[in-house]
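Notes for the one structure printed next.
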Amino acid sequence: MVDVVAQYKALQQSIDAAVLEVMASGQYIKGKAVKDFEAALKDYLGAEVITCGNGTDALLLALMALNPPKDAEVITVPFTFVATAEVIKLLGLSVRFVDIDERTFNMDVQSLRENITERTWAIIVVHLFGQCADMEAILEIAKQHDLYVIEDAAQALGAKYFFSDGSWVYAGTMGTIGTTSFYPSKNLGAMGDGGAVFTKDKNLADKIRMLANHGQNQRYSYEAIGVNSRLDSIQAAILNAKLPHLDRFNEQRAQLAQRYNQHFATISALQTPYKAPYASHIYHQYTLKVLNGQRDELKAYLQQHGIPSMIYYPKPLHLHKAFSDCTIPEKGLPVSEQLATQVLSLPIYPELTREQQDYVIEHVQKFFQ
Ligand SMILES: *Cc1c(COP(=O)(O)O)cnc(C)c1O
């Protein structure tokens, strides 16, 4: 789905130099590369940045930092990568799933409103496929009910949210805490694992940093039970070399998406990705809805012609054994379940060439002729 080597080749000089510098410095854990990257990302986002081992740890640290009460319930969506909900259960908290919007694939505001209970303590919002959820409405509801908001921005680093007053901010900087992942295929990808936590609250940032470092406030003084989760220095150096290109990468993805959209507009069985008026879209995934029941045939046809495509996500989380004890709305989660049968993601990444994209487009068109 993604040619990660093509991105390396394009930036090889700066990445090689950055990695060699770390190797020669001997600072393999933390050190300058990590500090530099955290400072650069803080500058970009306008929020405190605490790097950690991966995007799942980032979510775990976010919850830990907010001191969840024992019987707390966290609301999230079932149409996401498992990590979003997994961390809630890992901490012994309850998961309450709400449904998603059929156009944006993000948390449905009405479903959220209907499912808040006495025990609800926090909301984990996912900005799926590179587009922010309807944050103004979600933040308003959270405020009314005094709930924390954690933004899972693993797929949305660099995506913008536009408030109704015309101001805008980056995904991950609106809630109490935001998180992201630098998994190689993410919009800002490392050459291994990595993640980060964002917050505008300085005290919370200190606490997250402490928890990510074994709960240590000073050397060999443990204030809380924490974890060991850090971004590798070599990964930090690579990410620092790539960060100045993130906006361009995201712009290139958006251009590729527009090109797909133009060519698929006349295929009535396909619904191209919806772009909400309140958000930019950075197309972590380009996800079509196949409306005529031929999704799996299309996937197989593309496969036969050497074109990868993926189903994100084939089965919503509430239907898995591991989440069988989670709460779902009385109405069920019909939108999540239906979308799981319709969605298909096509290759999209900054280095995808016009010829490669033409080949994909041509075969999608051929299939529906
Ligand atoms: C990738 C991803 C994560 C987890 O990130 P890792 O770095 O793989 O742990 C969490 N949430 C979402 C929505 C993701 O896409």
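All of the numbers you see were taken from the coordinates with simple rules; none came from a lab. This structure is a prediction, so every number in the text was calculated from the model and none was measured. Positions of Cβ are backbone-derived with ideal geometry, glycine not excepted, and every protein chain shown enters the neighbour counts.
Do any residues in the range 304-327 that are aliphatic (A, V, I, L, M) have Cβ atoms under 6 Å from those of residues that are part of a loop (DSSP other than H, G, I, E, B), where the two are at least six apart or on different chains, and which pairs are they?
Note: pairs meeting the criteria are Met310/Met1; Leu317/Pro78.
In the range 105-154, which residues are part of a loop (DSSP other than H, G, I, E, B), among the charged types (D, E, K, R) and buried (at least 16 other Cβ atoms within 10 Å of the Cβ)?
Across the range 105-154, the qualifying residues are Asp108, Asp134.
Across the range 170-189, which residue is farthest from the ligand (Cβ to nearest atom) among those that are buried (at least 24 other Cβ atoms within 10 Å of the Cβ) and aliphatic (A, V, I, L, M)?
Result: Met174.
Take the residues in the range 298-310 that are outside any helix (DSSP H, G or I) and out of contact with any helix residue (DSSP H, G or I) (no Cβ under 7 Å at 6 or more places or on another chain); name whichever of them is farthest from Phe129 (Cα to Cα). Before the answer, list the steps.
From the range 298-310, those outside any helix (DSSP H, G or I) are 305-310; that's our starting set.
From what is left, the residues that are out of contact with any helix residue (DSSP H, G or I) (no Cβ under 7 Å at 6 or more places or on another chain) are 306, 308, 310.
Values: Gly306: 23, Pro308: 17, Met310: 13 Å.
Among those residues, the one meeting the criterion is Gly306.
Any chance you could count how many residues in the range 324-346 are in contact with a Phe, Trp or Tyr (Cβ under 8 Å, 6 or more places away or on another chain) and not in a helix (DSSP H, G or I)?
8
Name the single residue, out of those in the range 311-323 being assigned to a loop (DSSP other than H, G, I, E, B) and out of contact with any Asp or Glu (no Cβ under 7 Å at 6 or more places or on another chain), that is nearest to Arg119 (Cα to Cα).
His320
Surrounded by fewer than 16 Cβ atoms within 10 Å (Cβ to Cβ) and away from the ligand (no atom under 16 Å from the Cβ): is that true of Ala265 in this structure?
Details: surrounded by fewer than 16 Cβ atoms within 10 Å (Cβ to Cβ): yes; away from the ligand (no atom under 16 Å from the Cβ): yes.
Yes, satisfied.
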